[in-house]
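What follows is a short report on a single structure.
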Amino acid sequence: PGQQQRSSLPRNLLRIGVSTAGSWPLMGDTEESVCFDSEGSFQHNKKRTHVSQKFSTDCVVALVINLQEGSPNAMTMTLFKDGVRIADPQPLPDALKGKTLYPTITFKNVSVQVNFGPTPLTTLPFRCRMLQEAAREDVEVTPSQELADGKHSVLFPVCMPDAGTFHWCDWFLSQNPDFAEVSDRKIIDWAVRSGVWRPKPSVVRLCNDRPDMNLGIPALEDGSAKRSLLAAASTQRRNVVIMEVRGNLLQADRMSALRPFRLPHFQRLAWVMAGEPQGDYREHCFQVALKDKQAKANAEFAAKKSDRDRKRYLEQRQKQVEKAKAKMERMRQKMVEEQKRKAEEAAKVAAEGKEDGEDKGEGKDGEEKDEKKEDAKLEDDEDEDEPMPEEKDEEPPKVELTEEERANVFKKKEGDIPDISVPAMMAGAGNGWTFPGQDEGFDAIEYPWQDAEGCEYAMRQWKNERKLTTKVDYIAPSDWFKEKWKSWQGDLQRWHVKHMEFKDPVKRQARKEALQLEKLQKQQAALLEMQAKDENVENPANAENGKAAEVADAPAKDENADDNKDDAMEVIKDEKDEKPEEKKDEKDEKKETSEENGPDKTAKAEEVVEDDPMAVLEEQLAQREKYDVFAIEEILDSNGEGEPLFSNFAFEDWALLSLRFELHLVVHAFQRDCRDPDRTGFPPEHLPYYYNKYFRKMLAPKNFATSSVAELLGLVDDIAKLRDEMMVLVPDGAAVDFALLVKMAEDRRRLRLRRTDAGDETAKLAFPKNALQPVTPQPTALQPAAPATLLPTLGKASEKKDVVPHSQVKPPGATGAARPPAKGGLLRPQWWGGDWNAWW
């Protein structure tokens with residue numbers, strides 16, 4: 001269907017005609033009614049035909065029906081205006097022939113006076129009986145039904161969403177036409193059939209229970225029309241169905257809808273229908289499912305048959321084309337042979353003379369006659385086309401419902417409108433829903449499908465499934481999340497600064513010399529301490545004298561600190577110069593020892609070392625301790641020489657580290673902030689929604705060289721996992737510290753490096769530059785600390801001149817001024833054209 005068009009119905013309208021008992025009150029929309037309207041149309045089953053003049057106010061119209069068999073206009077109906085015929089007799093539809101017909105009118109924005117006789121309001125050109133003076137054998141008198149208990153029913157169906165509900169209501173109304181439904185969907189249906197234009201509603205709010213009216217009429221939009229209908233229904237003696245899904249599951253809404261029906265002629269009923277249906281409705285569901293399955297099988301059978309016929313036709317057509325080609329080829333060859341023969345005969349005639357030519361001409365006539373016979377026979381054979389083999393008439397296969405299909409009665413089909421809209425479902429996913437109780441004012445509560453315990457179990461199952469598969473729209477970042485996020489931003493920026501300092505060769509050399517100096521000073525202090533202990537053991541009196549000497553020499557130590565540092569640096573320099581000579585001497589000693597012991601003793605010693613299991617085990621443990629990142633205690637000094645664990649991180653490693661922490665934080669924060677113990681996790685497809693809720697930015701898998709959320713989770717599958725029974729994302733363990741996240745990232749980096757060295761090209765990562773998106777700061781979110789406080793001070797706390805602002809840190813050789821970091825995001829250096837890969 002194309003775009004919805006505005007209805008062409010006029011503002012004032014009157015329809016007059018006949019209908020059957022229990023038909024739709026708006027005439028002309030179904031097969032059970034037929035009518036003329038004030039616009040000059042004859043309408044039946046939504047089909048309109050212009051057959052008469054228009055009529056308006058201040059006139060008398062008469063509908064004349066001829067049901068007398070044998071008359072010239074039998075089984076027809078016509079229309080008169082002020083005693084003059086304005087429409088030719090129109091045939092009565094076949095669907096209404098032989099049935100009891102009731103005079104019916106439908107009007108909009110007009111006042112109508114109805115007259116059934118016996119005296120007409122205006123004279124007609126002929127004499128006919130009016131309904132009031134009809135013979136008894138020509139009419140059917142239907143007495144009003146007397147109720148057994150003298151009460152009418154007000155029925156409240158209580159169903160779970162998308163589990164029967166409106167499908168059951170339609171079936172119930174077809175079985176009980178004396179019931180009238182009061183619901184929002186019926187109000188919309190009445191309005192649209194009455195000519196109110198309704199544009200296509202939003203897909204988000206599309207539902208059956210409380211749909212978006214979108215009619216442009218305030219009385220319909222604000223629910224005034226529905227309240228008026230309930231008030232009118234509460235004063236009439238008729239059976240009513242209050243069809244609401246969410247409202248009938250909420251105690252307050254049930255009691256509010258039940259309050260108007262307080263008159264004694266009403267019996268207020270509540271039918272609780274949850275779980276598997278029973279009785280006639282169950283068989284009806286099976287019949288509908290079987291009908292749909294049979295229709296699908298018939299369509300597939302027809303498509304296959306059409307495909308076979310098309311192939312057979314193409315094959316036959318191909319044979320005909322091939323025959324035509326063969327015929328053309330034979331004719332061409334025949335023409336060539338004929339021309340050749342004629343040329344030979346002409347040459348012979350010229351050579352042998354006229355007399356011989358006449359004799360051969362007679363033979364030639366005989367040959368031509370034989371050739372004509374053969375050609376005619378050949379053409380007859382070619383003209384006989386092979387008839388297409390007739391295929392036997394096959395009937396579509398008969399289908400049956402499988403056990404799985406019979407068990408899944410309420411299977412949702414594609415294109416079905418949900419009972420509850422997505423926003424209403426996200427608002428609570430069943431929170432506060434209950435079944436009716438005896439204290440709510442119902443005269444009877446029945447359970448047509450399952451007993452009370454079975455219905456309660458079905459509701460619990462429904463709530464648990466929806467809670468694990470629907471989004472939580474009220475979730476918001478908590479103080480715990482904000483605190484963790486702020487701490488992570490500070491640590492991450494400090495790690496970036498540490499990484500840049502380690503990559504600086506000048507600072508790396510200075511740091512190495514400082515570590516060697518510190519190590520040498522510790523060795524000297526330990527040596528002096530050991531010597532002092534030995535002297536104190538030999539002469540205890542020296543201990544007291546030593547303490548007094550330390551107190552007296554304390555100022556002298558401070559004065560000589562710089563001299564000691566210079567001496568230590570000279571010692572380090574001398575050690576560097578002596579190292580090559582020492583190594584050379586060690587090699588010479590090993591060589592001399594091996595020559596003295598001989599080859600046999602050396603080989604024997606090597607065998608002893610190799611065969612010693614304890615030595616081999618200790619060596620393996622040492623190697624494992626060296627390469628096990630999780631055994632490292634300090635990530636900023638992984639090898640005891642100031643090298644951080646992330647020293648070899650590239651841009652992709654930093655991006656995965658940030659992604660790992662963000663997903664880890666989202667999963668843990670969800671469990672804290674949703675405030676629902678039944679929600680242990682959420683499906684992977686909801687991850688972008690909650691990611692945007694917390695970080696105010698989009699989670700784009702393409703930024704990490706992946707095409708889906710599932711592939712993205714595969715890069716950091718050590719943070720969260722899918723629980724098999726419900727396929728929801730839950731935390732993989734308890735909350736971890738930031739250092740462990742760095743160790744996880746380094747462990748995965750080494751694994752990818754080993755795979756790449758082994759020839760696995762799929763292990764390489766190449767992320768675009770926008771993988772690290774800046775976070776849009778929230779109005780209430782805590783802002784990261786100032787960049788100047790993220791670097792450790794190089795001097796005393798009061799000496800601010802030694803503090804280097806973070807935005808001014810540049811790698812060696814970089815020129816130009818560095819720009820400050822983006823607000824709320826990571827530092828982004830602007831030198832080298834802002835190329836992250838070049839920087840890392």
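The values are calculated or read from the model by the stated rules, or taken from the named source; none is laboratory data. Being a predicted model, the structure only gives us computed values, none of them experimental. With ideal geometry, Cβ positions are generated from the backbone for all residues, glycine too; neighbour counts draw on all protein chains shown. Side chains are part of the model used for accessible areas, which takes the heavy atoms of the whole protein and leaves out ligands, DNA and RNA. Shrake-Rupley method; radii C 1.70, N 1.55, O 1.52, S 1.80 Å.
Considering only region 287-297, how many residues are loosely packed, with under 14 Cβ neighbours inside 10 Å and either of a type in the set (A, V, I, L, M, F, W, C) or part of a strand (DSSP E or B) (or both)?
2
Just give me the residues in region 468-495 being out of contact with any helix residue (DSSP H, G or I) (no Cβ under 9 Å at 6 or more places or on another chain), open to solvent by less than 30 Å² (accessible area, probe 1.4 Å) and closer than 18 Å to F738 by Cα, in sequence order.
Scanning region 468-495 gives a single hit, Q489.
For region 310-328, check the following and say yes or no: at least one residue is open to solvent by 80 Å² or more (accessible area, probe 1.4 Å) and either within 43 Å of the chain's Cα centre (by Cα) or under 15 Å from L155 (Cα atoms) (or both).
yes
Sort out which residues of region 116-160 are among the hydroxyl-bearing types (S, T, Y) and within 25 Å of C59 (Cβ to Cβ), and write them in order of number.
T119, T122, T123
Which numbered condition trips up V141, out of (1) in a loop (DSSP other than H, G, I, E, B); (2) under 30 Å from K467 (Cβ atoms)?
With respect to (1) in a loop (DSSP other than H, G, I, E, B); (2) under 30 Å from K467 (Cβ atoms), V141 is out only on (2).
Would you pick out the residues in region 657-701 that are open to solvent by 10 Å² or more (accessible area, probe 1.4 Å) and aliphatic (A, V, I, L, M)?
Passing the criteria: M698, L699, A700.
Across region 494-508, what is the number of residues that are aliphatic (A, V, I, L, M) and at pLDDT below 85?
1
Please specify each residue of region 155-200 satisfying the condition of being of a type in the set (G, A, S), closer than 17 Å to S23 by Cα and outside any helix (DSSP H, G or I).
A180, S194
Taking the residues in region 20-63 that are touching an Asp or Glu at 6+ places or on another chain (Cβ under 9 Å) and among the charged types (D, E, K, R) as candidates, determine which candidate is farthest from D82 (Cα to Cα).
Among residues in region 20-63 that are touching an Asp or Glu at 6+ places or on another chain (Cβ under 9 Å) and among the charged types (D, E, K, R), the one farthest from D82 (Cα to Cα) is K46.
So, in region 646-656, of the ones that are open to solvent by 10 Å² or more (accessible area, probe 1.4 Å) and in a loop (DSSP other than H, G, I, E, B), which residue ends up nearest to L699 (Cα to Cα)?
Looking at the filtered set, the residue picked out is A650.
Could you tell me whether any residue of region 716-730 is at pLDDT below 90 and part of a helix (DSSP H, G or I)?
Checking region 716-730: not a single residue is at pLDDT below 90 and part of a helix (DSSP H, G or I).
So that you can scan it fast, the table gives a plain yes or no per residue for (1) in contact with a Gly (Cβ under 8 Å, 6 or more places away or on another chain); (2) surrounded by 18 or more Cβ atoms within 10 Å (Cβ to Cβ):
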site	(1), (2)
G22	no, no
K54	yes, no
N66	no, no
L79	no, yes
R85	no, no
P93	no, no
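Open to solvent by less than 10 Å² (accessible area, probe 1.4 Å) and either within 23 Å of L13 (Cβ to Cβ) or not acidic (D, E) (or both): which single residue out of P199, P218, P177, P157 fits that description?
Every option except P157 fails the conditions.
Given (1) farther than 23 Å from W654 by Cβ; (2) at pLDDT 90 or above, where does D416 come up short, assuming only one miss?
(2) is the only condition that D416 fails.
Condition first: among the acidic types (D, E) and more than 20 Å from E137 (Cβ to Cβ). Now tell me which residues in region 64-97 satisfy that.
Residues satisfying the conditions are D82, D88, D94.
Show the residue pairs meeting these rules: Cβ distance below 9 Å; 6+ apart or different chains; first residue within region 451-480 and over 22 Å from Q278 (Cβ atoms); second residue modelled with pLDDT under 85 and of a type in the set (S, T, Y).
From residues that are over 22 Å from Q278 (Cβ atoms), the pairs are L468/T680; P477/T780.
Name the strands (runs of 3 or more DSSP E) wholly inside region 18-106 in which the number of residues that are farther than 25 Å from T119 by Cα and in contact (Cβ under 8 Å) with a residue 60 or more places away in the chain is 1 or more.
33-37
For region 264-279, state whether one or more residues are out of contact with any Lys or Arg (no Cβ under 9 Å at 6 or more places or on another chain) and in a helix (DSSP H, G or I).
No, the conditions are met nowhere in region 264-279.
Any idea which residue in region 702-711 is least open to solvent (accessible area, probe 1.4 Å), counting only those that are at negative phi and assigned to a loop (DSSP other than H, G, I, E, B)?
Residue satisfying both the conditions and the ranking: T706.
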